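Note sheet for the following structure.
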Amino acid sequence: MVEIPAGSASAIPAAEVADMELYHPKSWWTKYVFSQDAKVIAVQYALTAISIGLVALVLSWLMRLQLAFPGYFAFIDADRYYQFITMHGMIMVIYLLTALFLGGFGNYLIPLMVGARDMVFPYANMLSYWIYLIAVLILVAGFFVPGGPTGAGWTLYPPQAVLSGTPGGRDMGILFMLSSLIVFIIGFTMGGLNYVVTVLQGRARGMTLMRMPLTVWGIFTATVMALLAFPALFVACVMMLFDRLLGTSFFMPAIVEMGEQLQHGGGSPILFQHLFWFFGHPEVYIVALPAFGIVSDLISTHARKNIFGYRMMVWAIVIIGALSFIVWAHHMYVSGMNPNFGFFFATTTLIIAIPTAIKVYNWVLTLWRGDIHLTLPMLFALAFIVTFVNGGLTGLFLGNVVVDVPLSDTMFVVAHFHMVMGVAPILVIFGAIYHWYPKVTGRMLNDTLGHVHFWITFLGTYAIFFPMHYLGLLGVPRRYYELGETAFVPPSAHSLNIFITIMALFVGAAQMVFLFNLVWSLSRGRLAGGNPWRATTLEWQTPQTPPAHGNWGKDLPVVYRWAYDYSVPGAPEDFIPQTEPARDIPTREVVA
Amino acid sequence: MNVMLLFLAVLGAIILWWMAGQRLTSKPWLEASAIQVAATGSRDVPGLAAKVGLYVFLGVVGALFSLFISAYSMRMGAGDWGAMPIPTVLWFNTVVLVAVSAVLQWARIEAEDGRMEILRPMLALGFTLACLFLVGQLQAWRSLIADGYVLADNPANSFFYMLTGFHGLHILGGLVVIGRTTVRAFANDIPSARLRLSVSLCSIYFHFMLAVWLILFALFAGWANDVVDLCRQLFS
């Protein structure tokens, strides 16, 4: 029993926080296009990310067609295949997932969930989006330059990335890729500063850090990580541009290309790998942590139960964020490193499994004896847990050096990372869109179409990636344009490949149902009202839906409780909004 | 990567120290209605958001240069490293940058005290000195090129030009901000809160860029070689 100074809330005057000066849009252009309103910027980010994501989806179809029916499609030659792989990976990881979680959900949810009127630096926020758009355009332009985009693989390892054997290496492709990344990082930094400072300085009165919804914790921690990790990619890109354009030898060893000795010498390709993976591994968690946060909120809201172990969840997010900076070299086991080095990184990698497992247990325990509503967001959240556990377990295999070495270059790795950082975060994105679409547009998404979309996506992605593990165990190599005469690969592997391809086409096509739903529900969807899910967090308590410019009307909200007061015994309803003072409603400990 | 890890350790310590004050062990589910002002009370100070924003940004810039220096120390271990001489003008530039920092600090104090007649020339002087630093850096490049130390000849040269270049770009960005602040100082009769904030942000930024420059200078001059060697041995 804890003593609570009940009733003290009424004495507190509202909105003591200095209200921020809002900019006021004067024309249609500054309201909807060059807008400084985080909500508009969020939608712009999301639409751009989804559009470029569709390009990456089509690229994955083309790759699958080649793998299942080698030689049938004349236009997919080996060079094209590598270009498809590279662009698919780069777009999905950076331009879709990172941009959508941080730029899209971050922009929309952070100000609303912490009770701010807008981001702290709205102008920089607007620039962030437009610079991101320029980065995307540079990336797309790479498809149309002579020689096509780079085919170096999304890791862009030198020296091959800048040599003539790789598509785009001696042409413009690699230059467009590197410049696009540099521009993206500059734009992201502007947005990232906003997300961090808004969480630090923009919170409404009463919103302590430990009252923030886990969504905000996830996005906040991921942004801090991204701000520290993206500079590594920036440095790597800049140094590779120097090597490629100005003839320096940061990464380039002495090398003979087409019988001709190049002027490079002494550079270290391993140095690039260190820099790249110093960014690359935190990047996995930059994508995963917002997903963790969002899924916690979806589960708690739709199971009508407070999140189990809120403090543990917060600590786990922070610890995962910190640990992810000292595991990068587990991507380099096969680069010939010192075995002690490998041992160190294998240990840190396996330690990360502990906070991650805590999160999974807490999700499951939140569901335990909850009043589970199988709404679409809940279905996607459940699908996420299953998929994430699956992908995470194969990650434990690969975290061990001895297991990783034989599996590293097989389809097993492809299956692993698509499960854990492809499908799992995408499921959360879908769940989050079904959850927050009513707030963004004021209308519900169509339920029937949603169920079609969910079941095809969930079962379909399993049909795609589950068999891939078996292909990997059989030794089917990844990155190969065609298998050719590979004696150890049985014919059954080939029929499995055809099956996977058909499922990939099918699942990809099912996403059109989702897109149709997004557009159709915009005008035809059921009206949602302000709080259709009867949720506690601040974004559902706005005076208007969709929230107007400035979010909160005249007075800023005041927060009196944490974000998870669901099914409090004795309360008149099964949720108590964060803005509800404690006056008449019994608090949890009164009955406890 | 050890320099970067060192930087992260320092940053991690700062984050831990900050988090220790955030009541992360509180039990929010037991605290309906008890509003804690402690965690959020200090932010009514005007301009604090901008200051926090600048510090976070400096964290990012620090990460950037730590990574460059990490790459520098790792690449240094290869056999083809040939140290390059330090042009005399770099000493002069260092003095100039120290002067910029000092002048801006002075301007900050004058702005707090509201003495516009001293603040204006101080800002203009800071702007001029920062320009002088950039010109000096270009002069250093020219003299090195004249002596035959070109970019692609040796990794030491490549790093020198790249790092001084990036540092110069950051100074250039700061120069734009000082310029705007100076214009505003000449347009106003009294030091508004906004102007005072701009001046203090400029001075913080240039103190940081001075620290970065001193570290880079120590690297180029070879004084930090022992430290770099030590770092490298720790991890191999």
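The values are calculated or read from the model by the stated rules, or taken from the named source; none is laboratory data. Note that the structure is a prediction, hence the values are computed from the model and not measured. So basically every Cβ, Gly included, is an ideal-geometry build from the backbone, and we count neighbours across all protein chains shown.
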Exercise for the section: Can you give me the number of residues within segment A:228-256 that are under 25 Å from the mean Cα position of the chain (by Cα) and not β-branched (V, I, T)? Expected result: 9
Problem - A:G148 being touching a helix residue (DSSP H, G or I) at 6+ places or on another chain (Cβ under 6 Å), part of a loop (DSSP other than H, G, I, E, B) and modelled with pLDDT under 95 - result: yes
Handout entry: Test: residue in segment A:315-325 that is touching a Pro at 6+ places or on another chain (Cβ under 7 Å) and either assigned by TED's automatic domain parsing to the domain that holds A:V224 or surrounded by fewer than 20 Cβ atoms within 10 Å (Cβ to Cβ) (or both)
Key = yes
Handout entry: Residue in segment B:150-197 that is nearest to the chain's Cα centre (by Cα), counting only those that are closer than 17 Å to B:A50 by Cβ and within 13 Å of chain A (Cβ to nearest Cβ)
Key = B:G173
Fill in the blank from the handout: Among residues of segment B:20-41 being at pLDDT 55 or above and in a helix (DSSP H, G or I), the residue farthest from the other protein chains (Cβ to nearest Cβ) is B:A20
Problem - Sole exception among (1) touching a residue at least 12 places away in the same chain (Cβ under 8 Å); (2) of a type outside the set (F, W, Y); (3) not in a helix (DSSP H, G or I) for B:E112, by number - result: (3)
Fill in the blank from the handout: Of the candidates B:V3, B:V96, B:V61, B:V103, the one satisfying the condition of being at pLDDT 95 or above, crowded, with 22+ Cβ neighbours inside 10 Å and on the phi < 0 side of the Ramachandran plot is B:V103
Exercise for the section: Would you check if there is a residue in segment A:475-494 being part of a helix (DSSP H, G or I), crowded, with 20+ Cβ neighbours inside 10 Å and either β-branched (V, I, T) or out of contact with any Cys (no Cβ under 9 Å at 6 or more places or on another chain) (or both)? Expected result: no
Exercise for the section: Looking only at segment B:74-106, count how many residues are assigned to a helix (DSSP H, G or I), touching a Pro at 6+ places or on another chain (Cβ under 7 Å) and either over 21 Å from B:V227 (Cβ atoms) or away from chain A (no Cβ under 14 Å) (or both). Expected result: 0
Fill in the blank from the handout: When every residue in segment A:243-298 that is polar (S, T, N, Q) and in a helix (DSSP H, G or I) is compared, the one nearest to A:V423 (Cα to Cα) is A:S296
